[in-house]
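One structure below.
Throughout, read-outs are computed from the coordinates displayed, never taken from laboratory work. What you see is a predicted model; the values in this text were computed from it and never measured. Glycine also receives a Cβ, built like all others from the backbone with ideal geometry; neighbour counts cover every protein chain displayed.
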Amino acid sequence: MGNSNGHHHHHRKNRNEENDHKRYGPLPDHHPSPHTSTASSSSSTMSLPYAHVDSCLRALASQAEGFGRCAIGGLHGPLYHVTTLADDGPGSLREGCRRKEPLWIVFELSGTIRLSSYLSVSSYKTIDGRGQRIKLTGKGLRLKECEHVIICNLEFEGGRGPDVDGIQIKPNSKHIWIDRCSLRDYDDGLIDITRGSTDITVSRCHFSQHDKTMLIGADPSNIGDRCIRVTIHHCFFDGTRQRHPRVRFGKVHLYNNYTRNWGIYAVCASVESQIYSQCNIYEAGQKKVAFKYLTEKAADKEEARTGCIRSEGDLFIAGTQHGLMTEVDEHTTLFHPTEFYPSWTVEAPSDALKQVLQHCTGWQCVPRPADQAVAAR
């Protein structure tokens, strides 16, 4: 998928990569009411995190799980109302995102915003699509040297041009939460996290009709990407070909995601990456192996190395082969999420979980909650 760094030589296709896409129909416009369970628990009923965030507009802030859990977005700023689908100008999304003060951005209309260039998002912004149906097309969002950004309930489709990603996070951005977004059909990646960006959570997103889905870590020369930490949970990778994600250097926690019918592999560990795959569902199509390892040489090392994947409680169905390494490199270390956060919402993978992730990911037809006063955090 693309690399968020703008150099095309990092986007070379492997010789075995093809260019066809699998297409699936749109998601339903509703989802059942989730309830919250505690970390590492199993239950017979399906549970999703942050059950009460849609009861009050700003309750969304600080409700992320995982590495992006501290993201507050525009919690302490006024509402900014998007009143036009124009690419720029008064009342536009671009105008709100460029402002320097904290803002909680909401939409007063539904429709498609055609971006003629990347839309740069500044720090302390919440882009909250609840209550409307907003699709971004043409280009995508760029989170550059910013912090505390929440992006919720938007659609991204049809981004065109070299190095055009749906959401490009680089360089040096942190405390980011991307929740309930639908992303498909960009010329490069759907979400790229590179160049020292860290403490990011991607949750309940639906990825479809795409090749290089999510890249974490730019290339072997970017040793500063050793700081990267990303959580990806309750996402649906729906027939996308590869990179769910592909990781260089970073620490990535995957849990309760559903990845099906990939074209090359599900998850790829490359140079020095540490991937903790917990209670995910991997359902192969024609390509049966879920996990892939690629060896690359970090710029400051003499020897090429790959990464490490730990699988705990994952469900491999439809003839899926996990592809885990049988021998671990003696130099390999693997983090555990409890080193960084005490709890998260996870349950054993099941048919019930699979059904919910097919219906409760991506853009959702939910009303915009009232903007009630919230206590300072």
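Bridges between two residues of segment 40-359, per DSSP, are antiparallel at a rate of about 0%.
The charge dipole of segment 40-359, taken about its Cα centre with unit charges on the Cβ of Lys, Arg, Asp and Glu (plus for the first two, minus for the last two), comes to roughly 520 debye. Here the Karplus relation 6.51 cos²θ - 1.76 cosθ + 1.60, evaluated at θ = phi - 60°, turns the backbone of segment 227-234 into coupling constants of 7, 5, 9, 9, 10, 10, 9, 6 Hz, with x for every Gly and Pro. Of the two radii for segment 42-127, the radius of gyration is 1.06 times the Kirkwood radius, both from the alpha carbons; that is the Rg over Rh value. Lys/Arg Cβ at +1, Asp/Glu Cβ at -1, dipole of segment 40-359 taken about the Cα centre: which of S221, G89, T126 is farthest positive-ward? After comparing all options, I get G89.
Count Lys and Arg as plus one, Asp and Glu as minus one, and take only other residues whose Cβ is under 15 Å from that of C279; the net charge is then -4.
By the Stokes-Einstein formula, at 0.692 mPa s and 37 °C, segment 40-359 with its Kirkwood radius over alpha-carbon pairs has D equal to 168 µm²/s.
Note on E108/N172: beta-carbon distance plugged into 1/(1 + (r/R0)^6) with R0 of 45 Å gives a FRET efficiency of 0.85. Each of T295 and E101 was given a label point 7 Å from its Cα along the Cα-to-Cβ line. The distance between the two points is 5.7 nm.
The modelled label-to-label distance for the pair Y341/Q372, using points 7 Å beyond Cα in the direction of Cβ, is 2.5 nm.
With each label modelled as a point 7 angstrom along the Cα→C-beta vector, the E312-C70 pair spans 2.3 nm. Residue farthest toward the positive end of the dipole of segment 237-307, with Cβ of Lys/Arg at +1 and Asp/Glu at -1: which of G285, I275, G250? Projecting each Cα onto the dipole axis, the largest value belongs to G285.
Each Lys and Arg contributes +1 and each Asp and Glu -1, all at the Cβ; summed about the Cα centre of segment 172-239, the dipole is approximately 320 debye.
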